[in-house]
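Report on one structure; see the data block that follows.
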Amino acid sequence: MDFESKKLIRKHILEIRDRQNLEDRARWDDAIFLKFIGSEYYKNAGVIFIFVSFRSEVDTRRVIKKALEDGKTVCVPRVISKDAGMKAFRINNIEELKPGYYGVLEPSPECEEVPEDEIDLVVMPGAAFDRKGGRIGYGGGFYDKFLPGLRHDAKKIALAYDFQVLEHVPTDEHDIKADGIITN
């Protein structure tokens, strides 16, 4: 795998994503939200691990609120360190989120850690994806360290805008693919 091509794809797609106007993104976020909560992935999950959207990412705050209203257990990542990676912590409301690693909202220290093997569904962020579930993340390697701890039957879903899904993205043998990608 060519590290440079991954870096270039990431940079290019993130520049495109950052340039989208707010009205279009709001409309796309609505479509993704409705598809996601209507999906079997969501309906069958009791424990959901989901990223908290940051900057121009697909909005996940609405998904988090809906999952909490629906009585699902919602876990969000907290970065422990670059070496230790991230862990899942349960939140009971959106107000339990505080700025953490790089300013991304994370669960407050009072939140309870949830073991990876209790998670039914992971909602993954990323810069670019391909139709076979390949993913280019943001380069930190946090999901690469986290995903192997999941049960083999836990589902992994990406939320992305249409232009983030390419024909092919370069992947390594250790990269874990998404089981599905929900777009606008």
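From the list 25, 62, 55, 10, pick out the single residue that is within 15 Å of the chain's Cα centre (by Cα), part of a helix (DSSP H, G or I), surrounded by fewer than 19 Cβ atoms within 10 Å (Cβ to Cβ) and of a type outside the set (S, T, N, Q).
62
Working carefully through the options 137, 126, find the one that is under 30 Å from residue 24 (Cα atoms), at pLDDT below 95 and touching a Phe, Trp or Tyr at 6+ places or on another chain (Cβ under 9 Å).
137 is the lone residue from the list that is under 30 Å from residue 24 (Cα atoms), at pLDDT below 95 and touching a Phe, Trp or Tyr at 6+ places or on another chain (Cβ under 9 Å).
Of everything in region 151-173, what is surrounded by 21 or more Cβ atoms within 10 Å (Cβ to Cβ) and either assigned to a loop (DSSP other than H, G, I, E, B) or β-branched (Val, Ile, Thr) (or both)? Give them in sequence order.
157, 160, 161, 169
Considering only residues of region 97-132 that are among the charged types (D, E, K, R) and out of contact with any Leu (no Cβ under 9 Å at 6 or more places or on another chain), which is farthest from residue 62 (Cα to Cα)?
Taking the candidates together, the pick is 132.
Given the condition modelled with pLDDT under 95 and either hydroxyl-bearing (Ser, Thr, Tyr) or within 16 Å of the chain's Cα centre (by Cα) (or both), answer yes or no: does some residue in region 87-99 qualify?
no
Take the conditions at pLDDT below 95, surrounded by 12 or more Cβ atoms within 10 Å (Cβ to Cβ) and within 27 Å of residue 24 (Cα to Cα) and apply them to residue 104. Does it pass?
Yes: the conditions hold for residue 104.
From 65, 132, which residue is in contact with a Lys or Arg (Cβ under 9 Å, 6 or more places away or on another chain) and in contact (Cβ under 8 Å) with a residue 12 or more places away in the chain?
132
The values are calculated or read from the model by the stated rules, or taken from the named source; none is laboratory data. Because the structure is a prediction, the values reported are computed rather than measured. When we count neighbours, we look across all protein chains shown, and the Cβ atoms used for this are built from the backbone with ideal geometry, even at glycine.
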